[in-house]
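The structure appears right after this line, and notes come after that.
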Amino acid sequence: MAHVSQGKPPSLHEPVLAGVVTAIVGFTSSFAVVLAGLRATGAGAEQAASGLLALTVVVGLGIVLLSLRYRVPVTLSWSTPGAALLAGASIPSGGWPAAVGAFLVAGVLFTLTGAVPWLGRLVARIPQHLAQAMLAGVLLPLCLAPFQSLGSIPLLVLPVILVWLAASAVVPRWAVPLALGAALVVIGVQLGRQGTVIDRASLLPNLSFTVPAIDYGALVGLALPLYVVTMASQNLPGVAVLSSFGYRTPWRPALLVTGIGTAVVAPFGGHAVNLAALSAALAAGEGAGADRDRRWIAALTAGLTYLVLAGISGALVVVVGSAPAGLVEAVAGLALIGTMATAVTSSFRDASGRISGAVTFLLAASGLTVLGIGGAFWALVGGLVVRATLERASIART
């Protein structure tokens, strides 16, 4: 138990501030990726706005529930790697309803993982370097977007990249939010020059319900990769982050909350809710106060802040939707460069697995679609086949 000065009540300033920062950084650094992923799988502007709103509300409610119940600084987020996977996919043959059906099935899988322990152990047996290689391949086209946009809209993208570079050197935590701010300024200037008038009614948050459709191609090409990449890149690392600060994650309750939450938001356009990984350190670390037993307040504050941010999500979607083609994709790409660098490093760290990692990476980056099933699934299959034949045979001979 941490000790505080006698007669002096512990301050709430640090955990509350840390919680606000956690939510703002988590939201602003990746919501553009979520919008790109939803639009790539067939969502219209209204449906994408609904998905972002639903995700933000459920993430906030889930954090509040878990932090109050377990008094642990456990935080949730939407699946940024999962959204990136969607952004690199194509619209399934069943259209947006089929994508929504895939989100729903992913939520069921998360819930089953919490209820049936062996499913979690099965996911943990997937070679981590293959899961990371799949993620790196999926992220590659998105991370190229900022630099490709330099050729098409240089005067609009260059200020955003320069702000990102400068902030990365001085305040890395705020690099992406500040780049987003620069992009919003650029968009505002463009709208002003064009004399565009935005309907105020469209700025209000609004939910749009879609009846899910079950489509084989979407289940194999979207739901399964979404489940794997979210488990491998968000849920499992989220547990590790909390453990590094001395906290035990309520694993099964957290998976049940995120799984049921994903299933609930799926018909409204939300793709996946999960344990936070990178932003989890903001609420669980020393920045949330010296008293470790009170850092759960940072998580609680983060949850409440997400609920406040939900109120402005509609306005952000409208403004972002008015951006010149390529600008939002550039911001999303900048947001994912760090994640991609980590994934690439993990993919090729082990010399004995580099060939299977390379095959997985290249298949995921290729945009391959066979039988209506996207490249992320085939990347994982190809990597496992190479590992089971070439690499294991090589190991056996030595």
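The values are calculated or read from the model by the stated rules, or taken from the named source; none is laboratory data. Note that the structure is predicted; figures quoted are calculated from it, not measured. No Cβ is skipped: glycine too gets one built from the backbone with ideal geometry, and neighbour counts run over all protein chains shown. Ligands, DNA and RNA are excluded from the accessible area calculation, which covers all protein heavy atoms including side chains. Shrake-Rupley method; radii C 1.70, N 1.55, O 1.52, S 1.80 Å.
A few remarks follow.
- Here the chain yields Rg over Rh of 0.97, to two decimals, using C-alpha coordinates and the Kirkwood radius.
- Inter-probe distance in nm under a simple model that places probes 7 Å from Cα toward Cβ, at Arg71 and Trp118: 3.7 nm
- At least 30 Å along the helix axis (C-alpha) and Kyte average at least 0.5, DSSP helices within the chain: 45-70, 95-115, 128-152, 327-348
- Heavy-atom accessible surface of the chain: percent carbon and sulfur, 1.4 Å: 68 percent
- With at most 12 other Cβ atoms within 10 Å, longest stretch of the chain clear of loop trypsin sites (Lys or Arg not before Pro) (DSSP): 249-398
- Multiplying the residue separation of Ala240 and Arg125 by 0.36 nm and removing their Cα-Cα distance gives an extension gain of 39.8 nm.
- Each helix, a run of at least 4 DSSP H residues, gives -39500 (n - 2.57); summed and divided by the residues of the chain, these come to -21500 deg cm²/dmol at 222 nm.
- Looking at the range 84-132, the accessible area is 39 square angstrom per residue; that uses a 1.4 Å probe and ignores ligands, DNA and RNA.
- Model label sites at Leu158 and Ala315, defined 7 Å from Cα along the beta-carbon direction, differ in position by 3.2 nm.
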